[in-house]
1. Of the candidates G204, G265, G46, which one comes out as most mobile in a Gaussian network treatment of the chain with C-alpha springs shorter than 10 Å?
2. How large is ³J(HN,Hα), in whole Hz, for each residue of the stretch 103-118 in order, when computed from phi with the Karplus curve 6.51 cos²θ - 1.76 cosθ + 1.60 and θ = phi - 60°, using x for Gly and Pro?
3. Return the distance in nm (one decimal) between the two label points of a simple spin-label model at E243 and F125, each offset 7 Å from Cα along Cα→Cβ.
4. Can you work out the FRET efficiency for the pair Q137 and R50, with r the C-beta to C-beta distance and R0 = 35 Å, to the nearest 0.05?
5. Can you give the net charge of the other residues whose Cβ lies under 13 Å from the Cβ of S280, counting K and R as +1 and D and E as -1?
6. Grab the other residues whose beta carbon is less than 15 angstrom from that of E104, score K and R as +1, D and E as -1, and report the net.
7. If the limit is 23 Å between Cα atoms, which of K72/K110; K72/K106; K72/K150 go over it?
8. Expressed as a rounded percentage, what relative contact order does the stretch 73-180 have, with Cα pairs under 8 Å and six or more residues apart?
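Any read-out appearing in this document is the output of simple, stated calculations on the displayed coordinates, not a laboratory observation. Only a predicted model underlies this, so the values are computations on that prediction, with no experimental measurement involved. Glycine also receives a Cβ, built like all others from the backbone with ideal geometry; neighbour counts cover every protein chain displayed.
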Amino acid sequence: MAYIFGSTSLMKSKGIVHPDSYFKIVEKNKIDWQLWIDVLQGKVAGAIFRDVFNQELRQQVCYNFWNSLTLKQQTDGLPPSVKALLGTSLEVITTNPLEVYFEEVKRTRKDIQSLFANTGDFFVFLIDNINEHLAAQGCSLRLAEYNGLKTGEYKMRSWGNTGTFVVAPHDDAGILGSPRMKDFEIGHLLNGRTVGVNICIENGEGGNLCYWNISPNDETRKALGFENDGFGYSLEYLANFDEVSVSIFPGDIYLFDTAKVHAIGRKTKDEENRLTVSWSMGLLNPTTFLYWG
Ligand SMILES: O=C(O)CCC(=O)C(=O)O
């Protein structure tokens, strides 16, 4: 692990830049549970398992998503890049108290749990397998909690183009430092490190994962003018760091250290959906792994 100080301004480029042995997305053509755990434990930045969720099951998840009673659409006040959302995202706490997140979790939990209906519950299959592999190493995995309330398991989003990207460059760690996270266990993760996990259901052309080798620290966020939110990195700032761009196809599962700045590239056609099921994972302590939607 090395600290890098860019040539422009110390304050503007401070953060963690990892060696190449860490900063890579390892590709496999089937799920490798140990690799998944290696990403969670911080041995490597990311992994992508190609074509592991088949087309028939993806179509069923799409059907369940678009027919869900609690599906939110643009007219329900979603951010411009999110065309539809099932479940809730932690980002709501940038402008709302934590209770709003948990009210949304409660409102959508039944529909979230029905998303994988008629797929042999692929999500439960994933969590059970990770749990089993962790248990063999004396570790456990569970949903994150706040005052006895369980978080949502995952969320599903339909994304579309907004400007240069589908989702602008951001990190997922900034929000964890929000004062609203003070009594929430995911505000106290080991090394403040989170891993985002995504199952790609639909994509079309474009919509790559763009990933930069910089995990900005709080000082950097402050200097760039944003604190408890990870959005606002300019391309000029990011030009100081190595970037990888990973093509994402339907059926892929990809997971990566989301304390690093990442974005979703523009789609070739505005009308195509980029549909993903996503959740986050992190370590509360060296043997307790958490996940949340
Ligand atoms: O859908 C994706 O590929 C990544 C989503 C993302 O950037 C995030 O949830 O922070």
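1. Largest GNM mean-square fluctuation: G204.
2. For the stretch 103-118, the Karplus curve yields 5, 5, 4, 5, 5, 10, 4, 4, 5, 4, 6, 8, 4, 9, 4, 6 Hz.
3. Reported label-point gap for E243 and F125 is 3.6 nm.
4. 0.85
5. -4
6. +3
7. none
8. Relative contact order of the stretch 73-180: 38 percent.
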